[in-house]
Amino acid sequence: MTRSVQVAMLCTVVMLGCKKDPEDPTTTDTGTNTEQVGIQQISGTVVLPAGSSIPMGSLEVVTPVQMVNVDTSGSYMTNTIAHVFVTSLVLDGNGELMLMGYNYPGQTDLTISAQSTALALIMNTLPVLHLDDQAKQDLITTLLSDPNLPALVSEIENSLTNNVSFCDTSNAALKQAIIDLFQNGTQQSLFCPDPPVQLYRGGRDVTLVNVSAASYAIGVYRDGTNIQNLELSAPRFFYASVSDVVDGAGTISGDPSQVSFSMDGDGDFEIRMHAGDPTQQGSWAEQHSGLWLNVKDAAVDLTVLLAGALPTGCFSALVQRVTDVVAAVAATNPNISSPADLTAYMIDVYVAVHDGSTNLFEQCAPQASLDPNALTRFFSKIGKVVSLLGKVGTIGTTMNVTARSTHLFLCTSALDTCFTATGNTVMPCGGCGGSSTVTDIDGNVYPIVQIGSQCWLAENLRTSRYRNGDSIPNVTDIGAWPDLNSDAYCNYENNVTYDAIYGKLYNWFAAVDPRHICPLGWHVPTDAEWQQLESTLGMPAAELGNLGLRGVTQNVGGQLKLTALWDTPNTGATNSSGLSASPGGVIGLDGLCQQLGATGKWWSASEYDQEDAWLRGLYYNYASVYRNIAGKPYGFCIRCVRD
């Protein structure tokens, strides 16, 4: 039976949609992100397997609202949050977690048993917690008829018979049974919004809107000096399947999160936006802050998802506790090399937040008619479930990989842009607004050319350093290039005389490194930006997305090529575009420098898959433009386009 008592509660993870005060980036404005959510009364029976020696009267049912004893017949009656999907815990006399209940719409039997525990385990995995209500309901129907369910139920019953908590992480058979039941493992065909953070500008006023699954730390700099720091948390997404959670293909609930600021004074305003990919070597503060912002937001997100809702005051206490825990560990350098590693670390932070040593909710819970001890105990004990599932996830399933973690590794985790503001004039940094050259970090000066609405370097890139001053590794052993999975450059055949003529050759890892290989205000063009250039020069829309040679009738390749340097016949070369494309050759996957004078190939910033990325190519004997993919260790030239 149910009894509704209306209380003001926070139903969504409002932190993920909050705007930070520009003057105080540590405060969170919860605004009006609350709604009325009820408390419901539930009752049922706790069932232990035959052979269990656990005294029924020693058991206790714990919800986020209340703790009650189970009577000797196994009956219980308690209050819980009136959320459509909610978990209950059963503890023994020693406070060990022995069983779980899981309430969902249409349920008529509230028995807490080994079967309800098996269901609750799967429904509390990270991807499932992020599903929308219909997807959860569909998954429950599937799980209850899954042939793997009895095996997991049997393992939980064995634990109960042996008077051992099912959260024992040394129980390999139980962990394997969880994996076998979790049959929604996915292939990662990740959805990455492009760009993940959208920038809107009106004069000197800038608004940044986050449409991705990750949070971003924002640094605003004027003439190289930091003047403002902001946090742009990820919006709340709903997902229609476990696959969508891992792939990041969700639907935003409500409005995307955003922050706004003004570019006050005159100068160059650089805006650094970093989600904090822990495998990147960027030395900027935003790289570090972005990682810990995502760890912090994930711990808050997980807490609210597990409870279903939190009172507004308790949410504030939670945010402060998470902030304190993250601040204590933020100076560490955890060994994180995959989305699963990152999620496991986020789980560790959650467990540290709810270790039971601090009653976070002592002041706030009574104001919402909740038992603060029940709320604290619920999160502490369900933390053991989260930890167990985290251990299971390390075996190799997608069970504990979420869109947030995957985004940091496989989507664009660093975006930077720049504007020059003088009086009432605001324009992108880097020229084409009356400037004819741009200079890189090494002092190399490049001519620039406007083609349509785009501004391009009119020479191949020659830098040996990233924009922040870090050196790009000069790998002179050409034979080692095919096996590289990190950034590198070299001169063709290690001959420095070629540098001034053809530029350097870089692998794709250098092209997309978040420390930025292009000058301030410039970036490596995406595949779409190459297509925009080709369209400007007359390539038909029907050919833009094709593979191979395109635009021959319009002589698009000839419009791009220098009339000198190329081998004869240099078909179609006019350089009418002014791009001055030169034949810098390539470093192939056979570990050889080749095709100098005959071929020019340039990277795009667009990834095709984990092995390959998109490129553009020109040839001495064709008037067309080549579009295809190539392995990331290849050595190609780079052109930059203005932000």
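Values computed for the structure shown
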item	result
Estimated inter-spin distance, Ser53 and Asp567, nm [label 7 Å along Cα→Cβ]	8.4
Cβ crowding within 10 Å averaged over residues, with 472-481, 318-327, 452-461 ranked highest first	452-461, 318-327, 472-481
Dimensionless Rg ratio for the stretch 536-586, taking C-alpha atoms and the 2.2 N^0.38 Å reference	1.16
Projected area averaged over orientations for the stretch 491-629, convex hull of C-alpha atoms, nm²	8.7
The stretch 96-162: projected area of the alpha-carbon convex hull, averaged over directions, in nm²	4.9
Estimated FRET transfer efficiency (Thr141, Thr497; beta-carbon r; R0 60 Å; 0.05)	0.30
Share, in percent, of DSSP beta bridges within the stretch 431-642 that are antiparallel, nearest 5	90
Total formal charge among the other residues, if their Cβ is under 9 angstrom from that of Asp527, Lys/Arg +1 and Asp/Glu -1	+1
Cα-Cα P(r), the stretch 455-515, percent of pairs per 10 Å interval	22, 53, 24, 1
Pairwise label distance in nanometres, Asp477 with Val164, each label 7 Å out on the Cα-Cβ vector	4.9
Cα centroid separation - the stretch 152-174 against the stretch 409-480, whole Å	58
Estimated distance in nm for a label pair at Ser436 and Asn335, the labels positioned 7 Å out from Cα along Cα-to-Cβ	5.7
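Quick note: the coordinates plus some simple rules give every number you see, no bench work behind them. From a predicted model like this one, the values you see are computed outputs, not experimental measurements. When we count neighbours, we look across all protein chains shown, and the Cβ atoms used for this are built from the backbone with ideal geometry, even at glycine.
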